[in-house]
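Asks: Please find one structure pasted underneath; my questions will follow.
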Amino acid sequence: MINGLGKEIPEYIEGIGKLKPYRHTANNSPKVTFQKSQCSDKAMESGKLLPSLKDAILASGLEDGMTISFHHHLRNGDHVVSMVLDLISEIGYRDITIAPSALFPVHESVIKHIKSGVVRAIQGSVNGPVGRLASNGGFNIPVLLRSHGGRARAIESGDLTIDIAFIAAPSADNYGNINGLQGPSACGSLGYCFADACYAKKVIAITDNLVEYPLSPISVSQNYVDFVVKVDQIGDPSGIVSGTLQVTRDPIRLIIAENAARVIDASGLIQEGFSFQTGAGGISLAAGEFIREMMIERKIRGSFGSGGITEFFVQMLEENLLEALLDVQSFDLEAVRSFRENQNHIEMGASFYANPHNKGCAVNKLDTVILGATQVDTDFNVNVNTESDGVLLHGIGGHMDTAAGAKLTIITTPLLRGRLPMVVNKVITVTTPGSTIDVVVTERGIAVNPKHPELENNLKNAGLHVVNIHDLKNEAYSITGTPEDPEFLEKIIGVVEYRDGTVLDVIRQVKE
Amino acid sequence: MYSYILRRTGIYTPGNNPYMIFNSAIFGADTIVLDLEDGVSVNEKDAARILVRNALTYVDFRQSEVAVRINSLSTPYGMKDLMSVVCERLDAIRLPKCEHSEDVIKVSKILDKLELERGLTKGRIKIMPIIESALGAHNSVEIACSDKRICALNFGGEDYTADIGAERTREGEELFDIRMKVLTAASIAGINALDTVFGDINDIEGLTAETRLVKKLGFDGKSVIHPRQIKIIHKVFTPSEKEIKKAMRIINALEEAEKKRSGVIALGGKMIDAPVAARAKKVLLLAKAAGLV
């Protein structure tokens with residue numbers, strides 16, 4: 001069948017089920033049924049703290065073919081995914097579906113469990129080697145990619161049923177209260193595992209910092225958690241949170257950042273109560289810096305900053321430029337410190353952040369979001385999943401969620417990266433539909449989605465170099481030549497699900 | 001008289017860096033100076049020369065004036081540079097280490113020949129001499145007036161202070177004499193006076209203060225070593241709305257007086273004499289060139 005973006009989508013995929021095609025506009029008011037939360041299970045009388053992870057796995061009732069989940073707050077320092085899969089393999093389970101909120105390069109060991117048949121399928125973001133294996137045809141069932149909001153929606157609606165949630169817990173007490181603030185593996189917010197904790201049939205907390213009951217403060221509470229296990233180390237701190245992220249010094253990236261800030265200014269959004277989100281990339285951080293300067297100069301106090309929180313946002317909170325931070329994941333040590341100390345630094349779960357089908361999510365309250373892209377096309381569709389060679393190397397994150405929610409969605413990208421054009425005829429994979437993108441900012445011009453003629457006028461009047469997106473693409477092609485699309489085989493190796501549960505695109509195996 | 005081409009900023013772009021050359025027009029500098037001299041090490045002179053020549057043919061420099069800083073003709077590279085870079089898109093040669101009028105005249109004569117050979121309009125390629133020594137400073141009037149191709153006089157603060165034995169400071173008091181000499185020479189010749197670079201790219205305050213100072217002294221622009229300096233310098237050198245309005249009132253009063261054949265011209269109780277009128281004209285020309293009127 002053909003979906004609303006003109007993409008050929010199969011009606012059914014073995015191991016995933018029947019697919020719903022993406023329509024032209026997102027289904028924002030469906031009849032939603034929430035699945036029953038599992039928190040009513042009684043705790044074992046012998047107590048929740050078990051001697052080993054193996055005991056917890058056995059006690060959880062795990063069976064072949066079940067689905068288990070993980071969060072990615074420990075990012076590239078995570079030990080828990082590998083630890084659990086190694087044990088599951090040792091015990092002899094097979095055909096397990098894993099539903100991590102994301103996998104990182106550190107999770108390369110997942111590959112051996114896929115090859116041996118312990119892991120049958122992945123529903124979740126993949127970054128790096130696991131994605132490469134998928135693109136080379138190493139999976140029988142395609143990877144199902146969801147955004148942060150889409151994953152929470154799928155769990156809450158029952159599209160994704162989690163049998164056992166394994167929650168890496170930087171701190172926990174023996175009755176299952178958890179936070180990410182203390183301990184050697186402190187990571188700050190634990191927002192991505194909230195839905196898992198509420199809706200998984202069994203929940204196992206794995207900690208390397210077991211504290212006296214009751215833990216304080218509490219992020220995930222005891223009423224959701226079945227078992228607690230103490231291990232030596234849940235992660236490597238050097239891979240969990242970064243030090244200070246550097247604002248770009250590259251003059252070309254700086255000019256893109258400055259233009260993005262000027263676009264927001266010209267749109268009239270920078271005023272009292274302003275709310276925004278930026279990524280942790282160099283251009284985004286620099287754009288944030290320009291916005292900060294404007295707010296200081298005009299004595300404007302904003303409402304909130306959201307998403308992945310960095311030192312930059314912490315500084316704005318502490319300078320009283322923002323009322324609050326809504327933190328779904330804390331990127332650096334400063335963000336962890338701020339979350340620990342400042343009650344206006346608020347932890348938010350992925351559903352609160354971005355589930356389009358709950359009673360209200362944070363992205364809907366955003367004035368503007370600045371996002372990156374691997375490719376943008378002349379329909380304003382954005383790809384962040386596949387590289388120019390067609391290989392699946394990145395997850396979706398909150399890209400499609402914030403784009404849909406924010407009043408003004410800006411994509412920043414250099415027009416060229418090396419010899420590759422970033423504005424193209426058709427993106428290889430649609431991650432975020434063009435209908436939710438408002439402006440594309442490059443160093444050689446700014447393109448406005450034609451559905452906003454008024455905005456285009458405002459930007460022109462502000463002296464910004466506004467160009468047609470086709471001209472931008474033509475300029476890129478005049479320098480690089482027309483890029484050849486990578487060649488694909490028929491086999492589908494990935495499905496990009498929109499946040500409402502419909503299918504935007506499929507990713508096929510690359511021809512070697 | 002005064003040259004009306006905006007030369008608020010001239011950004012030095014290393015001639016051996018394709019990425020920077022290719023993107024040099026993005027930052028909106030009035031002049032792009034592709035550098036073959038101090039920015040390029042001896043073992044890369046050949047490669048840079050070829051790259052710059054090809055860039056002049058193929059790269060879109062948008063509206064910017066394009067100059068090449070060649071090596072001095074007294075080096076083994078200078079003549080080769082000149083032979084390579086003369087083409088349709090080249091607007092000017094920045095000529096380093098000028099000490100005598102002959103330095104300029106020699107280049108001008110070669111340009112005469114090359115323009116003819118290559119079918120370019122005679123005299124279209126300008127020369128911007130750079131004064132970088134005590135002797136050059138001493139001869140600056142002679143140099144500035146030596147050839148019709150000269151459109152601007154520059155100086156290089158680093159080499160000059162090394163030559164006179166001065167310390168190079170953030171405040172730049174040591175440049176007082178050469179600044180005055182360059183300004184005088186440029187005024188006599190009726191060309192732009194262009195200030196030296198400000199070396200610390202992270203010191204925005206220092207750059208702003210220095211730019212304000214040289215603008216007050218009478219300079220028309222400043223050389224730039226990093227794109228982030230461009231906007232700051234443009235802001236200082238571009239007339240403000242208030243200045244533009246004032247200049248317009250002065251010019252209007254002049255025109256009115258001319259119509260009435262009135263000898264004494266006053267505006268708001270103040271006499272408009274020749275220097276006031278000249279300044280107002282310059283402000284309007286700058287504003288016009290910057291697209292503000």
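Asks: Can you spot a residue in segment B:237-257 that is closer than 19 Å to residue B:32 by Cα and part of a helix (DSSP H, G or I)? Please lay out each step first, then the result.
Replies: Pass one, segment B:237-257, residues closer than 19 Å to residue B:32 by Cα: B:237-238.
Filter again for part of a helix (DSSP H, G or I), leaving B:237.
Taking every residue of segment B:237-257 in turn, at least one turns out to be closer than 19 Å to residue B:32 by Cα and part of a helix (DSSP H, G or I).
Asks: A follow-up question, please. Kindly indicate which of A:257, A:287 is within 14 Å of chain B (Cβ to nearest Cβ) and within 19 Å of residue A:403 (Cα to Cα).
Replies: One residue alone meets the criteria, A:257.
Asks: Would you say residue B:35 is under 24 Å from residue A:444 (Cβ atoms), touching a Pro at 6+ places or on another chain (Cβ under 7 Å), away from chain A (no Cβ under 14 Å) and not hydroxyl-bearing (Ser, Thr, Tyr)? Even if it seems obvious, please write down each step before you answer.
Replies: Working: under 24 Å from residue A:444 (Cβ atoms): yes; touching a Pro at 6+ places or on another chain (Cβ under 7 Å): yes; away from chain A (no Cβ under 14 Å): yes; not hydroxyl-bearing (Ser, Thr, Tyr): yes.
When the stated conditions are applied, residue B:35 passes them.
Asks: Can you name the condition, by its number, that residue A:180 falls short on among (1) open to solvent by 10 Å² or more (accessible area, probe 1.4 Å); (2) touching a Cys at 6+ places or on another chain (Cβ under 8 Å)?
Replies: Exception for residue A:180: condition (1).
Asks: Moving to a separate point now. When you scan segment A:260-284, how many residues do you find that are closer than 24 Å to residue A:461 by Cβ, more than 14 Å from every other protein chain (Cβ to nearest Cβ) and open to solvent by less than 10 Å² (accessible area, probe 1.4 Å)?
Replies: 5
Asks: Continuing with the same structure: Against the definition (crowded, with 23+ Cβ neighbours inside 10 Å, at pLDDT 95 or above, in contact with a Gly (Cβ under 9 Å, 6 or more places away or on another chain) and in a helix (DSSP H, G or I)), how does residue B:130 come out, yes or no? Give the derivation first.
Replies: Values: crowded, with 23+ Cβ neighbours inside 10 Å: yes; at pLDDT 95 or above: yes; in contact with a Gly (Cβ under 9 Å, 6 or more places away or on another chain): yes; in a helix (DSSP H, G or I): no.
Against the criterion (crowded, with 23+ Cβ neighbours inside 10 Å, at pLDDT 95 or above, in contact with a Gly (Cβ under 9 Å, 6 or more places away or on another chain) and in a helix (DSSP H, G or I)), residue B:130 does not qualify.
Asks: Filter segment B:196-228 for residues that are β-branched (Val, Ile, Thr), surrounded by fewer than 23 Cβ atoms within 10 Å (Cβ to Cβ), more than 14 Å from chain A (Cβ to nearest Cβ) and in a loop (DSSP other than H, G, I, E, B) and give the result.
Replies: B:197
Asks: Might you let me know whether segment B:38-60 holds any residue that is assigned to a helix (DSSP H, G or I), open to solvent by less than 30 Å² (accessible area, probe 1.4 Å) and within 14 Å of chain A (Cβ to nearest Cβ)?
Replies: Looking only at segment B:38-60, we keep the residues that are assigned to a helix (DSSP H, G or I), and these are B:42-58.
Then keep just the ones that are open to solvent by less than 30 Å² (accessible area, probe 1.4 Å); that gives B:45, B:48-49, B:52, B:55-56.
Then keep just the ones that are within 14 Å of chain A (Cβ to nearest Cβ); that gives B:55.
Yes.
Asks: I'd like to verify a number: residues in segment A:73-104 that are in a loop (DSSP other than H, G, I, E, B) and open to solvent by 10 Å² or more (accessible area, probe 1.4 Å), how many?
Replies: So the count comes out to 6.
Asks: Is segment A:477-494 home to any residue that is charged (D, E, K, R) and over 20 Å from residue A:388 (Cα atoms)?
Replies: No, segment A:477-494 contains no residue that is charged (D, E, K, R) and over 20 Å from residue A:388 (Cα atoms).
Asks: Still on this model: Residue pairs, Cβ under 6 Å, 6 or more apart or interchain, first in segment A:411-433 and without any contact (Cβ under 8 Å) to a residue 40 or more places away in the chain, second buried (at least 21 other Cβ atoms within 10 Å of the Cβ) and in a loop (DSSP other than H, G, I, E, B). List them.
Replies: none
Asks: Ok, one more. Mind telling me which of the residues B:99, B:65 ends up being crowded, with 17+ Cβ neighbours inside 10 Å and either within 28 Å of residue A:445 (Cα to Cα) or touching a Phe, Trp or Tyr at 6+ places or on another chain (Cβ under 7 Å) (or both)?
Replies: Being crowded, with 17+ Cβ neighbours inside 10 Å and either within 28 Å of residue A:445 (Cα to Cα) or touching a Phe, Trp or Tyr at 6+ places or on another chain (Cβ under 7 Å) (or both) holds for just one of B:99, B:65, which is B:65.
Asks: How do the pairs read when you match residues in segment B:153-179 that are at positive phi and part of a helix (DSSP H, G or I) with residues anywhere that are crowded, with 19+ Cβ neighbours inside 10 Å and modelled with pLDDT under 95, using Cβ under 7 Å and keeping only pairs 6 or more apart or on different chains?
Replies: No pair meets every condition.
Asks: I'd like to check something: does segment B:70-78 contain any residue that is assigned to a helix (DSSP H, G or I) and under 24 Å from residue B:108 (Cα atoms)?
Replies: Taking every residue of segment B:70-78 in turn, at least one turns out to be assigned to a helix (DSSP H, G or I) and under 24 Å from residue B:108 (Cα atoms).
Asks: List every residue pair whose Cβ atoms sit under 7 Å apart, with the two residues 6 or more apart in sequence or on different chains, where the first one lies in segment A:181-200 and is under 14 Å from residue A:101 (Cα atoms) and of a type in the set (Asp, Glu) and the second, anywhere, is open to solvent by less than 10 Å² (accessible area, probe 1.4 Å) and in a helix (DSSP H, G or I).
Replies: A:196/A:155
Asks: When segment A:449-469 is examined, which residues are found to be open to solvent by less than 90 Å² (accessible area, probe 1.4 Å) and part of a helix (DSSP H, G or I)?
Replies: A:453, A:455, A:456, A:457, A:458, A:459, A:469
Asks: Consider segment A:423-447. How many of its residues are open to solvent by 10 Å² or more (accessible area, probe 1.4 Å) and within 14 Å of chain B (Cβ to nearest Cβ)?
Replies: Result for segment A:423-447: 2.
Asks: Give the residues of segment B:229-240 that are out of contact with any helix residue (DSSP H, G or I) (no Cβ under 9 Å at 6 or more places or on another chain) and within 14 Å of chain A (Cβ to nearest Cβ), sorted by residue number.
Replies: Selection gives B:234 alone.
Asks: Here are A:174, A:136: which of them is open to solvent by 10 Å² or more (accessible area, probe 1.4 Å), under 26 Å from residue A:509 (Cβ atoms) and not basic (Lys, Arg)?
Replies: Matching residue, one of A:174, A:136: A:136.
Asks: Being among the β-branched types (Val, Ile, Thr) and touching a Phe, Trp or Tyr at 6+ places or on another chain (Cβ under 9 Å) is the filter here, so list the residues in segment B:118-156 that pass it.
Replies: To start, the set of residues in segment B:118-156 that are among the β-branched types (Val, Ile, Thr) comprises B:121, B:125, B:127, B:130-131, B:141, B:143, B:150.
Correct list: B:130, B:131.
Asks: While we're here: Taking segment A:221-257 as the search range and keeping residues that are at pLDDT below 95 and of a type in the set (D, E, K, R), which one is nearest to residue A:203 (Cα to Cα)?
Replies: A:236
Asks: For segment B:9-32, which residues satisfy the criterion of being away from every other protein chain (no Cβ under 14 Å) and either closer than 16 Å to residue B:233 by Cα or open to solvent by 30 Å² or more (accessible area, probe 1.4 Å) (or both)?
Replies: B:10, B:16, B:30, B:31
Asks: Any idea which of (1) under 23 Å from residue A:320 (Cα atoms); (2) within 14 Å of chain B (Cβ to nearest Cβ); (3) of a type in the set (A, V, I, L, M, F, W, C) is the one residue A:252 doesn't satisfy?
Replies: Every condition holds for residue A:252 apart from (1).
Asks: Further, regarding this structure: Taking segment A:295-324, which residues are among the polar types (S, T, N, Q), open to solvent by 40 Å² or more (accessible area, probe 1.4 Å) and in a loop (DSSP other than H, G, I, E, B)?
Replies: If the condition is that a residue be among the polar types (S, T, N, Q), open to solvent by 40 Å² or more (accessible area, probe 1.4 Å) and in a loop (DSSP other than H, G, I, E, B), then A:320 is the only one that fits.
Asks: Going by what's in this entry, would residue A:496 be described as hydrophobic (A, V, I, L, M, F, W, C), away from chain B (no Cβ under 14 Å) and closer than 23 Å to residue A:120 by Cα?
Replies: Answer is yes for this residue.
Asks: Right, here's the next one. Looking at A:98, A:91 in this structure, which one is under 18 Å from the mean Cα position of the chain (by Cα), at pLDDT 95 or above and within 22 Å of residue A:52 (Cβ to Cβ)?
Replies: A:98
Asks: Any residue at all in segment A:201-213 that is among the hydrophobic types (A, V, I, L, M, F, W, C), open to solvent by less than 10 Å² (accessible area, probe 1.4 Å) and under 18 Å from the mean Cα position of the chain (by Cα)?
Replies: Scanning segment A:201-213 turns up no residue that is among the hydrophobic types (A, V, I, L, M, F, W, C), open to solvent by less than 10 Å² (accessible area, probe 1.4 Å) and under 18 Å from the mean Cα position of the chain (by Cα).
Asks: Tell me which of these residue B:244 doesn't satisfy, since it passes every other one: (1) surrounded by fewer than 18 Cβ atoms within 10 Å (Cβ to Cβ); (2) more than 14 Å from chain A (Cβ to nearest Cβ).
Replies: (1)
The values are calculated or read from the model by the stated rules, or taken from the named source; none is laboratory data. Small disclaimer: the values here were computed from a predicted structure and weren't measured. For neighbour counting, all protein chains shown are included, and Cβ atoms are generated from backbone atoms with ideal geometry for every residue, glycine included. These area figures cover heavy atoms from the full protein model, side chains too; ligands, DNA and RNA do not enter into them. Shrake-Rupley method; radii C 1.70, N 1.55, O 1.52, S 1.80 Å.
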